[in-house]
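Novice: One structure coming up, written as structure tokens, with questions to follow.
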Amino acid sequence: MILRLLLLWMLPLALWSAPAAAHGYVLRAIPADRSTLDRPPTRLQYWFSEDLEPRFSGIHLRNQSGDIIASGAVDGRNHALLSLQVPSDLPDGAYIVELRPAFASDGHVIAESRVFFVGDEVGGVAGQRADDRAIPLEALWRASLNLGNFLFFGSSLLYSIVLLPAWGSADGGLPERVRRRLRNCLMGAVVMALAANFMALWQQSMVFFNTDAIQVIEQNLWGVVLIGSRFGDVWIFRTVLLLFSAVLLFVSEYYRPLMPHLSFGIWRGMPWIGALLIGLTMVTSHAAGSTLMPWVAIAVDWLHALIAAFWLGGAFTLAVLLEPALAPLEAQERRAARRAVMRRFSRVITPLVALLIVSGIYNALNYIVSPADLHSSYGRTLGLKLLLVAPLLILGGWQHIALRPQLAARMEWMMLYEPAWLRERLRRAAESGKALRLEVSLMLAPLVAVAWLSATPVPEPETLASEVETPQVTQTVGDYTITSAVIPGGPGVNTYDNAIQRGGAPAKDVSVYLQLVNPQRGIRSPWYLTEQADDGLYVAAGDDIDEAGQWQSLVDIVAADGDVTRAAVAWRIDETAAIKRTRPPNILHGTLLLLIGLLLAALIQRRAKRLLSALNLTAANALLAFGALAISAGVMVYGALTIGERQRDYERTLQPPPAQVNSVLPDAESLVRGAALYRERCLVWQRQSADFRALRNRLATARDDFLHGVVADGWRDLPACEGELTEGARWDIVNYFRTFERRT
């Protein structure tokens, strides 16, 4: 029977092959969509809001006829970047960029295309935007997985904090008829979660490989997904945990007659496993790719899901258990037992609802950044979810009041419009469990809406998406024409492209070295040997540019015969050009987080009171304890601030601002002037004395202001350069003298 149910459950998978939708989006595109360029770009680069799966992501460049002329992949240094090296001989015309990123956070894949033009814009050529609709099959397995996880967590937690206190015996046991049904609920939840998990693997394999379920099985594509993606890592962990839960349930039942305490301990530990299962779902959800404090988003989403799981799973379990558990009892005992467990469940869940609402608002504000986002597919689905949850809140609140006659009497003014007979029928419905069964049936619709929301792409924030022109400079030095670009051109990890031509053809037989310099701060990177990515295209990447301001890139082209040609570019690095994958919280986010913290503190207040009571603290002891805590906290805060300030002082000591800033760009002309001045004015230096060799060996770490002082005043037994030298002349000598630095 179980096998038939599993086959029936998997049937939609074999019949469905849907296009993929995504949860991430492009933060920066170079070139911008539908941009017209005077010359072909050296590289196409697309930065995304989340890391990508390198094995399943790709980018292709097609010409106007649809032929693929180049392909690219995820950047090895930055997994949120898709890049492609463009052929240097690209003619004028229209070009289509096909993007197929697979997002590592939730496994979603998009398929979209963008267009750019070289020369003049060409009419009739357009890209295709990504589909922002949910995949029905994904929504199906997400709803099934959530239902299984929620039932497991809700049933096991209900056992610990509701059923045992209300119906349990002195040894911690429950009546056999109750325990048997509760065990069946837990096993059913595990089987449902496992079935949904396998459906998720097949559907994800279909999306990653853009194929159908039959091909996934025949070619064992699911195995590639398991070992080559973050989705596969989480899937394996979740499957092992579900199987471990099933084994624990079997052990607890098998050894219960011999070791009841072991069985009791296993059952009390089940909620922790259920919480971990729900947490694994959060790792592959929208929260994992949030641009607003991702770890906080995961934690709040996890808290929100745990409360919803206890509400849904606990209510479902009660609806299944109530009648069989109470059947042997007399009518009066049945009514008293039902009221006891219902009131206890209501007392536990009611304060959690406030936390559920606040955490839900915070989760929504992770993705609803502007009013326009409400009109997206995600915004409409979120609105539908809220409409479906509203009746549950009303019904749950009414049951809480109806189960407490004293509370109902105090709130009678709210029910003046209700006839007495209707009020009585509603009270009986609450006490008999009919209202609970209605509540459980209404919960299925929001559960589907939540799964649909998880499968729906989040709206792209207008505040993050930006198209910033790439800094690019072309210059001719000797026989070389060098086009240098800093991509994206802001603080952080950048790619440094240098397209070099000699005599109108790509320079292939040269070595190219790159150095980044910030004269105002006296910072100088090591010399990097660039990689020849394409004919005449030499590329390096790094995070040396760590803040906005004036920077220089020095490019030394070393020919096969050893001749060196210098190209230098002064850049104005702008903060707005940085790729910002996160956004700062505002006052509303902070208020909601504070409110969540206060609600959590209120919920644990009772347990805190019990702990204080057990400690038997007197007024004097309490004063001393809280005083010690306050002093300790103050010392820790002061220590943290002091350590931070000392660290900043230490950094300023190691790297103080230069006494004199090099005002001369070390380009080829400066090196020529410096060489002439060095040969004419620094004759003693050319004798290669021990002090000269020591100075040359320090070039990798020496700053320009130090070398300027050596030129003007000498160093050790090395005299200053002769004659009256202007400031510009001294800096020319410094720039030339740096060419003696050894490159590794």
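The values are calculated or read from the model by the stated rules, or taken from the named source; none is laboratory data. On a predicted model such as this, the values are computed, not experimentally measured, just so you know. Because the Cβ atoms are built from the backbone with ideal geometry, glycine has one as well, and the counts that use them run over all protein chains shown. Just so you know, the surface numbers come from the protein's heavy atoms only, side chains and all, with ligands and any DNA or RNA stripped out. Shrake-Rupley method; radii C 1.70, N 1.55, O 1.52, S 1.80 Å.
Novice: Would you tell me the accessible area of Phe103, worked out with a 1.4 angstrom probe on the heavy atoms of the protein chains, in Å² to the nearest 10?
Specialist: In the full protein context, Phe103 sits at about 0 Å².
Novice: Give the shape of region 248-317 as rounded, prolate or oblate, defined through the alpha-carbon gyration tensor: a ≥ b ≥ c are the square roots of its eigenvalues, a/c under 1.5 means rounded, and otherwise the shape is prolate if a/b is larger than b/c and oblate if not. Walk me through the numbers on the way to the answer.
Specialist: Details: a/c = 3.89, a/b = 2.56, b/c = 1.52.
It is prolate, given that a/c is not under 1.5 and a/b is the larger ratio.
Novice: I've got another one for you. Enumerate the calculated ³J(HN,Hα) couplings along region 335-343 in order (Karplus 6.51 cos²θ - 1.76 cosθ + 1.60, θ = phi - 60°), each rounded to whole Hz, writing x wherever the residue is Gly or Pro.
Specialist: 5, 5, 5, 5, 5, 4, 6, 5, 5
Novice: Continuing with this model, one more query. Please turn the phi angles of region 440-456 into ³J(HN,Hα) values with the Karplus equation 6.51 cos²θ - 1.76 cosθ + 1.60 (θ = phi - 60°), one per residue in order, whole Hz, x for glycine and proline.
Specialist: The phi angles translate into 5, 5, 6, 5, 5, 5, x, 4, 5, 5, 5, 5, 5, 5, 5, 8, 9 Hz.
Novice: Based on alpha-carbon centroids, what's the gap between region 316-395 and region 678-744 in Å, whole number please?
Specialist: First find each Cα centre; the distance between them is then 77 Å.
Novice: For labels at Asp509 and Leu444 in the simple 7 Å Cα→Cβ model, what's the distance in nm?
Specialist: 7.7
Novice: Now for a different question. Protein chains only, probe 1.4 Å: how do Phe209, Phe737 rank by accessible area, largest first?
Specialist: In descending accessible area the options line up as Phe209, Phe737.
Novice: Right, here's the next one. From the square roots a ≥ b ≥ c of the eigenvalues of the alpha-carbon gyration tensor of region 660-716, which class results: rounded (a/c under 1.5), prolate (a/b over b/c), or oblate?
Specialist: Here region 660-716 falls in the oblate category.
Novice: Could you list which residues have their amide H under 5 Å from that of Arg43, counting only those 5 or more apart in sequence or on another chain, with H placed in the peptide plane?
Specialist: Val86
Novice: Let's test the formula: R0 of 22 Å, r as the Cβ-Cβ distance of Thr739 and Ala560. What FRET efficiency results, to the nearest 0.05? Each step should come with its number before you reach the end.
Specialist: Details: r = 19 Å, r/R0 = 0.86.
After rounding to 0.05, the efficiency reads 0.70.
Novice: Still on this structure: Using a 1.4 Å probe on the protein heavy atoms only, what accessible surface does Tyr95 show? Give it in Å² to the nearest 10.
Specialist: Surface accessible to solvent at Tyr95 totals approximately 10 Å².
Novice: Quick check for you: which residues of region 541-556 have the amide N under 15 Å from the point 7 Å beyond the Cα of Arg572 toward its beta carbon?
Specialist: 548-552
Novice: Which number do you get for Rg(Cα) / (2.2 N^0.38 Å) in region 480-530? Numbers along the way, then the final one.
Specialist: Numbers: Rg = 13.0 Å, N = 51, 2.2 N^0.38 = 9.8 Å.
Cα Rg divided by the expected 2.2 N^0.38 Å: 1.32.
Novice: Report the extension gain between Lys434 and Thr211 in nm, rounded to one decimal, defined as 0.36 nm multiplied by the number of residues separating them, less their alpha carbon distance.
Specialist: On the way: separation 223, 0.36 × 223 = 80.28 nm, distance 4.67 nm.
Answer, rounded to one decimal: 75.6 nm.
Novice: May I ask you to order 138-146, 31-39 by the average number of other C-beta atoms within 10 Å around their residues, highest value first?
Specialist: Going by the mean number of other Cβ atoms within 10 Å, highest first, we get 138-146, 31-39.
Novice: Continuing with the same structure: Over region 253-410, with every protein chain in place, what whole percent of the accessible area is carbon and sulfur at 1.4 Å, could you tell me?
Specialist: Ligands and nucleic acids excluded, carbon and sulfur give 71 percent.
Novice: Assuming a ≥ b ≥ c are the square roots of the Cα gyration tensor eigenvalues, decide whether region 680-744 counts as rounded (a/c under 1.5), prolate (otherwise, with a/b larger than b/c) or oblate.
Specialist: Judged from the Cα gyration tensor, region 680-744 comes out oblate (a/c at least 1.5, b/c at or above a/b).
Novice: At a probe radius of 1.4 Å, what is the per-residue accessible area of Met206, in Å² to the nearest 10?
Specialist: Spelled out: Met206, probe radius 1.4 Å, area about 10 Å².
Novice: Can you run phi through the Karplus equation (6.51, -1.76, 1.60; θ = phi - 60°) for region 53-70 and list ³J(HN,Hα) in whole Hz, with x for Gly and Pro?
Specialist: Each residue of region 53-70 in turn: 7, x, 6, 10, 10, x, 9, 10, 10, 10, 7, 5, 7, x, 7, 6, 10, 6 Hz.
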